[in-house]
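The values are calculated or read from the model by the stated rules, or taken from the named source; none is laboratory data. Model, not experiment: these values are computed from the prediction. Positions of Cβ are backbone-derived with ideal geometry, glycine not excepted, and every protein chain shown enters the neighbour counts. Only protein heavy atoms, including side chains, enter the accessible area calculation; ligands, DNA and RNA are left aside. Shrake-Rupley method; radii C 1.70, N 1.55, O 1.52, S 1.80 Å.
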Amino acid sequence: TVSINARNVITANSLGVGIESLEAAGTVNGKEIRFAELNGTSHGGKVSGSLVLSWDQDWSAVGDVRIAGANIAPSSAASVAVSGKLDAALSFVQRAKTPEDLFRPPLLTGSVTLQAGKVAGFDLPSALHYDVEAIYSAHTDFDTWSFKLEPLGDKQAYKSMRMAGPGLLVEGRAEVSDKGAISGAARSVAERPGGAISDGTEGGSVMAKVGL
């Protein structure tokens, strides 16, 4: 039997959600260690999942992680910070020549939902209504923000993104590189003061430091 007890695990650079504690007991079978049950905590929520480590010519890690009820607070290191209650179901496949490289933050596949949250430092309705400089002031409140994650080469793809909040609906996609470059496109519908509706589509790329 092999036991692990880890602290402050980063799920992925592009997601920015940390796992404060992670415990598991695994069984060894030839060139494989199988952890049938992972248990831990993340921002006050529960973490569960499984992991298989194997080695032959190369090293590999195949796993799944589920996060339920994590209360995400803004990161002080991020210029654009996200808060809300997070639920996620994620999986990953990682391959490497050395065991050290095996534990770098992986690209993820799965789905994420944030509820009753806020994007601080990013005022999307004002940016749509007035000018692009408004994007760096105030905040955007949302009721639900959901998206799917997929690897796209060496980038993390965010697909089927949908943010709904007071007078606002945003749908789109994005890709994030390992250096934090963001590109994508979004369709936005926002309610102007007085009840008028603003509908627009924007695309492009930007460098940003986003934290959850």
Can you compute the modelled spin-label distance between ALA36 and ILE10, with each label point 7 Å from Cα toward Cβ, in nm? 3.3
To the nearest 10 square angstrom, what accessible area does ASP143 show with a 1.4 Å probe? 90
Mind listing the phi-derived Karplus ³J(HN,Hα) values for the stretch 50-57, rounded to whole Hz, using 6.51, -1.76 and 1.60 with θ = phi - 60°, and x for any glycine or proline? 8, 8, 10, 9, 9, 8, 8, 6
Cross-link pairs beyond the 21 Å C-alpha cut-off, checked among LYS46/LYS85; LYS85/LYS118; LYS31/LYS97; LYS31/LYS155; LYS85/LYS148; LYS118/LYS148: LYS31/LYS155
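In what sequence, highest mean first, do 38-50, 168-180 appear when ranked by Cβ atoms within 10 angstrom?
38-50, 168-180
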